[in-house]
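Q: Would you mind keeping the following structure in view while I ask a few things?
Any read-out appearing in this document is the output of simple, stated calculations on the displayed coordinates, not a laboratory observation. Nothing here was measured: the structure is a model prediction, and the numbers come from that model. Note: ideal-geometry Cβ built from the backbone for every residue, glycine included; neighbour counts use all protein chains shown.
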Amino acid sequence: MTVEEMKKKKTELGFSCEQISDRSGVPLGTVQKIFSGITKRPRYDTICQLEKAFPMEPDSNPYPGMMEESVSAYRIYGDGTDHEGDIWKSFRGKKQGEYTLKDYEAIPDEYRVELIDGVIYDLNTPTTIHQQLAFEISIRLREYIRQNKGLCMVLPSPVSVQLDEDDRTMLQPDVVVCCDRDKILRSHVYGAPDMVIEILSPSTRKKDMGLKLKKYITARVREYWMVDPDKKKVVVYDLEHNELPAIYGFEDQVPVNIFAGKCQIDFSEIYSYIEFLFEKE
């Protein structure tokens with residue numbers, strides 16, 4: 001829901017800024033600045049929070065429950081007592097925040113996990129929409145690079161990124177663009193890539209919008225996209241030039257800032273190709 005759509009809903013429902021603040025948890029001053037137009041480009045997470053103030057119409061969300069965080073995304077391996085096999089014995093006696101790459105690499109391949117600042121996070125199996133979005137974006141980026149004889153490499157999931165160049169973090173982004181080939185090892189990417197794309201899902205939304213955004217900023221990733229299938233939005237952080245994100249819809253052509261906007265991803269074309277998936281349960 002855009003700010004303009006929320007303004008319309010506010011009028012239709014007769015909500016005051018105080019009511020919106022109470023219902024959403026967004027501070028009253030922030031609500032007043034957004035709805036008065038003083039704040040021109042509110043943060044994406046603030047918009048998501050504001051949406052909670054407005055009741056959703058039946059059938060308006062193609063993914064019932066999509067906004068709720070999935071507990072399974074934060075199912076942690078802890079001391080290993082929930083798992084069978086000798087491999088989990090090495091986890092006993094350790095707490096979250098104490099795990100290292102040695103522990104991460106000891107986890108069997110059938111478990112999809114990320115290691116962030118010594119904490120192990122479980123990753124759910126992606127949906128077909130998630131996979132198709134990542135694939136379609138990847139091939140368009142690759143085609144632009146190929147046509148322009150560039151050296152950047154597009155690495156779609158599964159790809160491991162040792163973002164902080166230490167032994168406490170190994171991320172699993174959905175799509176990575178790395179222009180420094182020295183960073184691309186056989187097993188993973190070592191250091192910050194130029195561009196990272198995450199496809200938001202119920203199980204990773206909170207982590208992608210908060211923790212991972214901060215990690216990418218700190219590591220000096222040049223550009224970070226969050227593609228939101230639920231809201232059909234693309235949130236673009238041009239981390240080299242702008243603190244606030246630009247927000248596009250699935251009807252837009254989204255410029256790639258690391259290529260000076262000369263490469264544009266046509267989301268209307270992508271959406272028209274996979275639209276049928278949004279109608280399935």
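Q: With viscosity set to 1.306 mPa s at 10 °C, what whole-number translational diffusion coefficient in µm²/s follows for the stretch 203-265 from Stokes-Einstein and a Kirkwood radius over Cα pairs? Present the calculation step by step, with values, prior to reporting the outcome.
A: Values: Rh = 12.2 Å.
Diffusion coefficient, whole number: 130 µm²/s.
Q: Same structure again: Please list 3-12, 233-242 highest first by mean number of surrounding beta-carbon atoms within 10 Å per residue.
A: 233-242, 3-12
Q: Hey, another quick one. With label points built 7 Å along Cα→Cβ from the Cα atoms of Thr100 and Ser272, find their separation and express it in nm.
A: That separation, rounded to one decimal, is 5.4 nm.
Q: Moving on to the next point. Quote the FRET efficiency, to the nearest 0.05, computed for Asp117 versus Ser36 with a Förster distance R0 of 41 Å and r equal to the Cβ-Cβ distance.
A: 0.60
Q: Which Cys residues of the chain have no other Cys Cβ less than 4.7 Å away and so no disulfide-compatible partner by this rule?
A: Cys17, Cys48, Cys178, Cys263
Q: Note the per residue figure in Å³ for the convex hull of the C-alpha positions in the stretch 146-271.
A: Per residue, the Cα convex hull of the stretch 146-271 comes to 113 Å³.
Q: To continue, here is another question. If R0 is 30 Å, what FRET efficiency do you get for Lys232 and Asp22 from their C-beta distance, rounded to 0.05?
A: Once rounded, the FRET efficiency stands at 0.60.
Q: Angle, helix 267-278 long axis vs. longest principal axis of the chain, Cα atoms, 0 to 90°, nearest 10?
A: 80
Q: What ratio of Cα Rg to 2.2 N^0.38 Å holds for the chain?
A: For the chain, the normalised Cα radius of gyration is 1.07.
Q: Taking a virtual spin label 7 Å from the Cα of Glu51 along the C-beta vector, which residues in the stretch 215-242 bring their backbone nitrogen under 11 Å of it?
A: Flagged as within label range: 228-234.
Q: Pairs Lys9/Lys233; Lys8/Lys207; Lys52/Lys215; Lys8/Lys40; Lys52/Lys207; Lys7/Lys280: which are spaced more than 25 Å apart, C-alpha to C-alpha?
A: Lys8/Lys207; Lys52/Lys215; Lys7/Lys280
Q: I'd like the antiparallel share, as a percent to the nearest 5, of DSSP beta bridges with both residues in the chain.
A: Details: 27 of 34 bridges.
Percent antiparallel among DSSP bridges in the chain is about 80.
Q: Computed over the Cα atoms of the stretch 3-51, what is the convex hull's projected area averaged over all directions, in nm²? Write down the numbers at each step before the final one.
A: Details: hull surface 11.6 nm².
With every direction weighted equally, the projected area is 2.9 nm².
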